[in-house]
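To keep things clear, I will list the structure first and then write my remarks on it.
Coordinate-derived values only; no laboratory data. None of these values were measured; they are calculated from a predicted model. Note that we place each Cβ from the backbone using ideal geometry, even for glycine, and neighbour counts take in every protein chain shown.
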C-alpha cells in the first residue's frame, strides 16, 4: 500500500478537505467506541481552526498522505519544531483508510525530521483509550510518562460565583514583556521552552486564545496559563506552574472566560489537590490522556497541563 501513498505538506488549497478529515475521523472513532455524541460539536468546516493556528505557529510543518490513484487525503499530522524539542500535533486518518499504514508513515516522517535535525525529544499527548493510536506511538518508540484526567466543567452564566482561591489576586493578563520569563519558567519545570507560542497567544491574531500569568512577590513569574475558546474546542492549557496552588489559581481565573459554556482541561492524575478541587467545582471525567515522549525526558519539576490547540510540549 505504501507505494500508492504520496506524502507532502498541507497547502492552503487543502484546508477544506483537511477540516473534513478531522471532523470525520474523530467523530467516527468516538461514535464507534460509545462516545454517544460528536467529538466535534461544531460545523465541519469550523475544525479548520486547527490548520489555521498550527500553520500560523509553524508554517509548512505538516505532513499529509494522499492516495496516489484518487488524490484523496488519507491522513495528516502537524509537527512543531521548538527550541529544544519537536511537538507532534493532531494526527488523523480518514475512516476509509484505516489499517493501511498511513499513521505509521506520518509518524516515521516526523521522527526522521526529529533525528535529522538533532532534536533530543519528540513529545505528544494521546488518548489512553484509543489502542490503535497507543500502539502506533508505542511501536515508534514513544514512552508514556504522565497520565491525565480529561475533565469538563459546565460554567454557569454567572461564573463559579463566590469561590475564592488563594493567590488568584496574583493572576493577571500576560503581556509581551512576560515572554522571556515564561520561557525560563517552562524550561525550569518542563525542560523545554516555546516562546513563539507564548507570543502568539498574547497577540491573539485570530481572537480565540488568551494568556494569563501568576506573578510572585518579587515580580517574577510562578506560572502561566493559555486557553482557547472556539466552536471546535474550549480548553485550558498549556499551563505551567511551580505547584498545585498556583495552578488552581490560574484555572480559577481562566474558567471565567467560559461563562455560559463548557471548558475541557487535562489534570495530572497524581496531583490530588488539583483533582479534588476540580471535583468540588463539579468537573466530570470524560477521557484519559497520556503524555508520551520519544527520546529524552527529564521529568516535570512542577505542574504541566497539556493542551491540543496550541499543541502541548
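Sorted largest first, the principal axis extents computed over the alpha-carbon atoms of the chain equal 61, 43, 35 Å. Counting beta carbons within 10 Å around each of 291, 120, 253, 273 and listing the fewest first gives the order 273, 120, 253, 291.
I need 58, 227, 48 ordered by Cβ neighbour count within 10 Å, fewest first.
48, 58, 227
Rounded to the nearest 10 degrees, the angle from helix 48-57 to the longest Cα principal axis of the chain is 80 degrees.
How much of the DSSP beta bridge set in the chain is antiparallel, as a percent to the nearest 5? In the chain, approximately 95 percent of DSSP beta bridges are antiparallel ones.
For the chain, the longest principal axis of the Cα atoms and the long axis of helix 102-116 meet at an angle of about 70 degrees.
Shown here are the Rg and Dmax of the Cα trace of the range 259-299, at 13.4, 42 Å. Using only Cα atoms, tell me the angle between helix 244-255 and the longest principal axis of the chain; keep it within 0 to 90° and round to the nearest 10. The angle comes out at about 80 degrees. Compactness of the range 142-196 was expressed as the Cα radius of gyration divided by 2.2 N^0.38 Å, which yields 1.62.
Here the range 149-289 has an Rg and Dmax of 14.3, 39 Å, counting Cα atoms alone. Computed from the alpha carbon positions, the gyration tensor of the range 2-119 leads to an equivalent ellipsoid with semi-axes of 23, 17, 14 Å, biggest first.
With neighbours defined as other Cβ atoms within 10 Å of a residue's Cβ, the residues 288, 166 order from fewest to most as 166, 288. The mean sequence distance of close C-alpha pairs (under 8 Å, at least 6 residues apart), as a share of the length of the chain, puts its relative contact order at 22 percent.
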